[in-house]
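The values are calculated or read from the model by the stated rules, or taken from the named source; none is laboratory data. These numbers come from a predicted model, not from an experiment. A quick note on method: Cβ atoms are made from the backbone with ideal geometry, for glycine too, and the neighbour counts reach across all protein chains shown.
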Amino acid sequence: STPGGAETSRPGSGNGPPAGVARIRVVVRKRPINKKELARKEEDVVWIDEAGTALQVHEPRQKVDLTAYVEKHEFMFDAVLNDQVTNDEVYRLTVEPLVQTIFNKGRATCFAYGQTGSGKTYTMQPLPMRATADIFQLMGAPQHHDLQLWLSYFEIYGGKVYDLLNDRRKLCMREDGRQQVCIVGLKEHKVEAVGDVRDFLERGNSTRSTGVTGANEESSRSHAILQLALKKHKDGDFSRGGKLVGKFSFIDLAGSERGADTYDNDKQTRLEGAEINKSLLALKECIRALDHEQGHIPFRGSKLTEVLRDSFVGNSRTVMIANISPNAGSCEHTLNTLRYADRVKGLSRNQRTSNG
Ligand code: ADP
């Protein structure tokens, strides 16, 4: 039996002003249990409350004398989405409220965090398309006639940046005089229609999956970053590169379990694991610093946070979607994801109660 109600804190429909939108939001999404897990008779151990803000993980454990018992872990977040919630609803709850931000010189960022197989890509892929549809609608207003939308798609793999829309070219980063970081030579592509976004995504993803170890294996070790940049063209002169108005970044993070690969026998895997671990820790610290309005944001902690530096300052809005698997076999990874998300912005102390 899968408990759990739907969402509660549904923001108003339409693109509300960002003023009312929290700077940081953390939303948990549970994916449905799958056939393989059912065939293994694995239980669904994630319980979501009716209000859709709290969840419990019922961790199966054994005492020293081998008696089985369940340890319950409870967490609260801005929203907890059960396995029946659709991608459309996910869009409305996470990304839609942030779209307006990029028209107000702001930065909006959406992360998908979680174990490989927990639904990060399933959650993330439709979001830039839906956002583009809303962005185009807002661009239709007369005062926005001089705006254009540009897209770039790149990945960070082993601490290096690769352009997914330019033959996976390796790129360098440069800091300009105003402490802005830019990726030298990153190709930007003009978006004319919503369908373009899908085409660019597909093109980029096929570049991503050419690794010898196979698509999933390879992509779970890299962070994929899709950016939509809104640019203003003076006096309608579209022949020159415009001035950046705002930017929306969508980040499908490396599988969180990869950060633990640091004890792997293979040296390459170990190095990659250490890099992923470093970047996910740095990311957590940056978002926490943002949330606590600390003046100093430790963005230098990793390539990922350096690249996202300009998304962490000024008028910025961030939503993190923590994806979790429901099956008992994923319990440890699920708890790790929830603890990470809780550190980013949990609304309650992680309570732990055991019962027989
Ligand atoms: P990840 O990117 O975290 O490795 P995927 O997005 O590839 O995980 O999801 C793993 C599998 O689970 C895929 O086959 C995907 O279609 C399926 N899946 C994930 N989330 C959902 C969901 N909410 N509803 C239905 N299927 C899902």
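List of remarks:
- Taken over region 107-156, the residue count meeting the criterion of being among the acidic types (Asp, Glu) and more than 23 Å from Leu171 (Cβ to Cβ) is 2.
- Residue selected from region 86-113 under the condition among the basic types (Lys, Arg) and farther than 12 Å from Phe248 by Cβ, by the criterion farthest from the chain's Cα centre (by Cα): Lys105
- Taking region 266-310 as the range and being within 23 Å of Asp342 (Cβ to Cβ), modelled with pLDDT of 85 or more and among the β-branched types (Val, Ile, Thr) as the test, the residues that pass are Ile276, Ile287, Thr305.
- Residue match in region 198-210 (condition: crowded, with 16+ Cβ neighbours inside 10 Å, more than 16 Å from the ligand (Cβ to nearest atom) and at pLDDT 95 or above): yes
- Scan region 71-104 for residues that are in a loop (DSSP other than H, G, I, E, B) and either in contact with a strand residue (DSSP E or B) (Cβ under 6 Å, 6 or more places away or on another chain) or at pLDDT 95 or above (or both) and the total you get is 8.
- Sub-7 Å Cβ pairs linking a first residue in region 314-326 that is within 24 Å of Glu59 (Cα to Cα) and within 16 Å of the ligand (Cβ to nearest atom) to a second residue that is of a type in the set (Asp, Glu) and modelled with pLDDT of 95 or more, at least 6 apart or interchain, are Pro326/Asp44; Pro326/Asp83, ordered by first then second residue.
- Qualifying residue in region 216-223 (condition: polar (S, T, N, Q), under 23 Å from the mean Cα position of the chain (by Cα), more than 16 Å from the ligand (Cβ to nearest atom) and modelled with pLDDT of 90 or more): no
- Qualifying residue in region 226-246 (condition: in a helix (DSSP H, G or I) and at pLDDT 85 or above): no
- As for region 167-185, it holds at least one residue that is more than 18 Å from the chain's Cα centre (by Cα), surrounded by 14 or more Cβ atoms within 10 Å (Cβ to Cβ) and part of a loop (DSSP other than H, G, I, E, B).
- Residues of region 68-87 satisfying the condition of being in contact (Cβ under 8 Å) with a residue 60 or more places away in the chain and farther than 29 Å from Met124 by Cα: Tyr69, Val70, Glu71, Lys72
- Selected residue (only one of Glu192, Glu155, Glu218, Glu202 is charged (D, E, K, R) and under 18 Å from Asp310 (Cα atoms)): Glu155
- Residue-level check: of (1) within 16 Å of the ligand (Cβ to nearest atom); (2) closer than 27 Å to Gly314 by Cα; (3) modelled with pLDDT under 95, Tyr113 misses just (3).
- Selection count where residues are over 15 Å from Gly329 (Cβ atoms) and out of contact with any strand residue (DSSP E or B) (no Cβ under 8 Å at 6 or more places or on another chain), scope region 33-70: 6
- A residue that is under 30 Å from Lys41 (Cβ atoms), touching a residue at least 40 places away in the same chain (Cβ under 8 Å), touching a helix residue (DSSP H, G or I) at 6+ places or on another chain (Cβ under 7 Å) and not aromatic (Phe, Trp, Tyr) occurs somewhere in region 343-350.
- Residues that are assigned to a helix (DSSP H, G or I), crowded, with 21+ Cβ neighbours inside 10 Å and either away from the ligand (no atom under 12 Å from the Cβ) or not hydrophobic (A, V, I, L, M, F, W, C) (or both), drawn from region 116-141: Lys120, Thr123, Leu127, Pro128, Ala131, Thr132, Ile135
- Selected residue (criterion: nearest to Asn104 (Cα to Cα)) from residues of region 33-72 that are within 16 Å of the ligand (Cβ to nearest atom) and exposed (fewer than 15 other Cβ atoms within 10 Å of the Cβ): Asn34
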